[in-house]
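Presented below is the structure to which this report refers.
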There are 2 protein chains.
Amino acid sequence: MSHDLLLRNVRPMGGAATDLLIRDGHIAGIGNTLDAPGCPVEDGAGALLIPGLVEAHTHLDKSVIGMGWRPHQAGPRLIDKIETERRLKHEWGIDPQRQSARQVVQSLSKGTTHIRTHVDVDDAVGLAGMAGVLATRSAYADVMDIEIVAFPQSGLLIRPGVPELLEQAMRMGGDVVGGLDPCLIDRDPKGHLDAIFGLADRFGKQVDIHLHEPGLVGAFSTELIIERTRALGMTGMVTVSHAFCLGDPDLAMVDALLDQIAELDIAIATTAPSGRPAPAVAKLRGMGIRVCAGSDGIRDTWGPYGNADMLERAFLVGLRNNFRRDDEVEMALDVCTHGGAAVMRLAEYGLQPGNAADLVLVDGEALAEAVAARPPRRLVVKRGRVVARDGVSLIAAP
Amino acid sequence: MSHDLLLRNVRPMGGAATDLLIRDGHIAGIGNTLDAPGCPVEDGAGALLIPGLVEAHTHLDKSVIGMGWRPHQAGPRLIDKIETERRLKHEWGIDPQRQSARQVVQSLSKGTTHIRTHVDVDDAVGLAGMAGVLATRSAYADVMDIEIVAFPQSGLLIRPGVPELLEQAMRMGGDVVGGLDPCLIDRDPKGHLDAIFGLADRFGKQVDIHLHEPGLVGAFSTELIIERTRALGMTGMVTVSHAFCLGDPDLAMVDALLDQIAELDIAIATTAPSGRPAPAVAKLRGMGIRVCAGSDGIRDTWGPYGNADMLERAFLVGLRNNFRRDDEVEMALDVCTHGGAAVMRLAEYGLQPGNAADLVLVDGEALAEAVAARPPRRLVVKRGRVVARDGVSLIAAP
């Protein structure tokens, strides 16, 4: 379907007011003299124009959005959350297709146009999560780009049959090979990392590994990730998610790790967690490291928070990193837009003519104000089509 | 002015739906059989009913709300922010009366019914901040209760004439004597604390001291605060704001300090900062320590964030303290309601009949959901009067 649209009176990245013409879902031109007879017109009312927000780390398959309030049950350890989730997915009937569709629609309402989602592959749900999210990806292909990480959430080697399931998940349509805490969950760092890097190498795909491991254990796992990235020539093909260890103030080796992470173009995904070590965004960006951000789980068995708002995530990135100046707050926003696009290797992303017309209009005088105030999105455009208005999705959820 | 109101179909603290009758600005009764002919009625539509939110640490005199977006200028150190603010207050014409009124109205729209504000008293603005906030307090007395801390933001002993100004501020109508980093800013911990405790003792008033000092320096200042609280018999009369040092994981003496803080009923005010040590809310509450929360500065020269939403603050308290279970998230909300009331010693606070009808209606199935989702407040009632509806204040701002 071809989408044409003329956006009048918008301020790209907070600059001077201008118009933007969309032809066939792509940005055809930006300027004040644009005229397009017969083309639908939206008045931007001087709002800020930014590229679509990028949700670069979430879990579409297991939100309980729309299923009523469900009090948190899991204990404090990571393994408690894993085991509780395995139980509740079944008890609560968390349907991956329905729930991923609901989260996609919520993300649209907040201005997100691209999602990288991890999808659980384990010996309890098998490939049902993959099937559900793949069905949602297909059903919502016109309004959301979704990249799928086949993710061994329960562990890879400690669960029978999961390596084979992960390979099947990649054959089904997984885009990225996932991994998880090779020491503290999978208990075999060499085995875990050899398996997921080997799989990615065979499929010619990227790796995105959840690394919650703190301190020196996390640093050790990072070293093993670096070694495999180098040995397999996978420069630019690896993302480490969370990477709390890289924010550990007591770990002298962080700088040496970051040097190699920069050299091998390994990306870092962060949620900007409050109250625990986390990678320092400005430092990483200053070294040229790609940094993206995500909501992580949105109202799921892991925790009650999350609303899919990547402008709020930029605010949390700002708080976590003590960003106060406009250029700093703009960096937080950039992490949630171009940063995610760089990690997902999006080819047609950004406000330059020729790129896909994935756009958000948000009120504010300056980009930093949009992050600080996070008002409802005035307009969300996906490939030229208006998909949300005044904070409300125009696309139906199941 | 007498305010009567019948709230139909509301769920006090997330309980069963019932009605609540307000007579003469006070809660007259709660129950399903209430009838009040001629009384105005509001349909609560099954919304959660909570007591008014309490903003227990903010700075009404210096927000730049409504003055356009003003990029942050200050350097990284505390003293940079102090010096920059002294300059910009003058350059930008930050009028304490106008700006405090604007913030009060914004707070109302979010459901805040009580505010403890620090007000700068220094050798640059003199008592202009006090005069402005006192005027606002008077003008908005019907819709907001405001407690004023006379606050030597620039330092007490390092600035000529400020001790005398602080005493004048208390005579003008200050409710609480403020203090600030007796070591690292005022450079004379004994002199600073003797001065502010002496002043509070003479006026029979409480103390609320900003303590940003980290680690052992902060612990040392805390010891001096404890010593003076004990010596002057000021049990229950002292609040320490921020108290980052009490969250320092490397400080072995924290538990000993907390024991004395509990014994002397010293309260702790927190903003739940992301990415730096902060008092552990559940631990303090478990020891019986009164804990309140606040937005701190709202869009001022100290930083670009802040929106006066104490439900969002509860969310940030939850994130900072890793609260996930409903009882934990409810604790975060309690800090932002009853916790603040306990610090401000509010006599008529809470949902019990006989108390002032300071109430908020917010959509959600459970209290924890209200904190996680933070929807616009459906209705805000101050002493029986509807002051905000659907997130919009009905009271005008200048």
Fraction of antiparallel bridges per DSSP, region B:78-237 only, in percent to nearest 5 = 5 percent
message = Can you find, among A:261, A:84, A:279, the residue sitting farthest towards the positive end of the charge dipole of region A:53-344, where Lys and Arg contribute +1 and Asp and Glu -1 at Cβ?
response = A:84
message = Show me, for region A:338-344, the HN-Hα J-couplings you get by feeding each phi into the Karplus relation (A = 6.51, B = -1.76, C = 1.60, θ = phi - 60°), rounded to Hz, glycine and proline as x.
response = 4, x, x, 4, 5, 6, 7
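If the limit is 26 Å between Cα atoms, which of B:62/B:190; A:62/A:110; A:110/B:382 go over it?
Violating the 26 Å Cα-Cα cut-off are B:62/B:190; A:110/B:382.
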query = Using a Förster distance of 45 Å, how high is the FRET efficiency between residue B:34 and residue B:67, based on the Cβ-Cβ distance and rounded to 0.05?
reply = 0.50
Vicinal HN-Hα couplings computed from phi for region A:378-395 (Karplus, 6.51 cos²θ - 1.76 cosθ + 1.60; Hz; Gly/Pro x) = 5, 8, 10, 10, 10, 6, x, 9, 6, 10, 8, 9, 6, x, 10, 5, 8, 9
request  = Could you check the simple spin-label distance between residue A:141 and residue A:188, using points 7 Å along Cα→Cβ, in nm with one decimal?
outcome  = 3.8 nm
ask   = What residue in chain B has the Cβ closest to the axis turning B into A, and how close is it in whole Å?
value = B:274, 2
task = For residue B:73, go 7 angstrom from Cα along the Cα-to-Cβ vector, then report the distances to that same point in the other copies in nm, smallest first.
result = 5.6
Cα→Cβ-extended label distance, 7 Å offset, between residue A:252 and residue B:77, nm = 2.8 nm
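What is the local net charge at residue B:116, summed over the other residues whose Cβ is closer than 14 Å to its Cβ (Lys, Arg +1; Asp, Glu -1)?
-2
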task = For chain B, give the magnitude of the charge dipole about the Cα centre (Cβ charges: +1 Lys/Arg, -1 Asp/Glu; no others), in debye to the nearest 20.
result = 640 debye
key: Cα centroid of region B:109-169 to Cα centroid of region A:2-78, whole Å   = 43 Å
inquiry  = I'd like the antiparallel share, as a percent to the nearest 5, of DSSP beta bridges with both residues in region A:53-344.
reply    = 5 percent
ask   = Taking a temperature of 25 °C and a viscosity of 0.890 mPa s, what whole-number D in µm²/s does Stokes-Einstein yield for region A:174-242 with Rh from Kirkwood over alpha carbon pairs?
value = 210 µm²/s
ask   = Looking only at other chains, what is the average number of their beta-carbon atoms within 10 angstrom of each beta-carbon in A:364-371?
value = 3
remark   = The equivalent-ellipsoid semi-axes of chain A, taken as the square roots of five times the Cα gyration tensor eigenvalues and listed largest first in whole Å, are 34, 24, 19
key: Spin-label pair residue A:90/residue B:327, simplified geometry with 7 Å Cα→Cβ offset, distance in nm   = 2.7 nm
ask   = How many partner chain Cβ atoms sit within 10 Å of a residue's Cβ in peptide A:69-78, on average, as a whole number?
value = 4
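Can you compute the helix-only [θ] at 222 nm over chain A? Use -39500 (n - 2.57) per DSSP H run of at least 4 residues, normalise by all residues, nearest 500 deg cm²/dmol.
-10000 deg cm²/dmol
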key: Partner chain coverage, peptide B:268-275 - average Cβ within 10 angstrom   = 4
request  = Name the residues whose placed amide hydrogens come within less than 5 Å of the amide hydrogen of residue A:267, ignoring near sequence neighbours (fewer than 5 apart) on the same chain.
outcome  = A:238, A:239, A:240
ask   = Using θ = phi - 60° and the Karplus curve 6.51 cos²θ - 1.76 cosθ + 1.60, what whole-Hz ³J(HN,Hα) does each residue of region A:204-219 get, with Gly and Pro shown as x?
value = x, 10, 7, 10, 9, 10, 5, 10, 7, 4, x, x, 5, 5, x, 5
inquiry  = Just to confirm the numbers: residue A:375, label point 7 angstrom along the Cα-Cβ line, distances to the other copies in nm, shortest first?
reply    = 2.2
key: Partners for residue B:283 among lysines (Cα-Cα distance below 26 Å; same-chain residues under 8 apart left out)   = A:81
task = Would you mind listing the distances between the residue B:158 label point and the same position in each other copy? Use 7 Å along Cα-to-C-beta, nm, one decimal, shortest first.
result = 5.1
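Arrange the peptides B:292-299, A:122-129 so that the one whose residues have, on average, the most other Cβ atoms within 10 Å appears first.
Numbers: B:292-299: 26.5, A:122-129: 20.2.
So the order, starting with the most tightly packed, is B:292-299, A:122-129.
Can you give the % of DSSP beta bridges in the protein assembly as shown that are antiparallel, to the nearest 5?
Roughly 40 percent of the beta bridges in the protein assembly as shown run antiparallel, per DSSP.
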message = Can you tell me the length gained on complete extension of the stretch residue B:9 to residue B:352, counting 0.36 nm per residue apart and subtracting the Cα distance?
response = 121.8 nm
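None of the figures in this text is laboratory data; all of them are computed from the coordinates on show. This is a predicted model, so every value here is computed, not measured. When we count neighbours, we look across all protein chains shown, and the Cβ atoms used for this are built from the backbone with ideal geometry, even at glycine.
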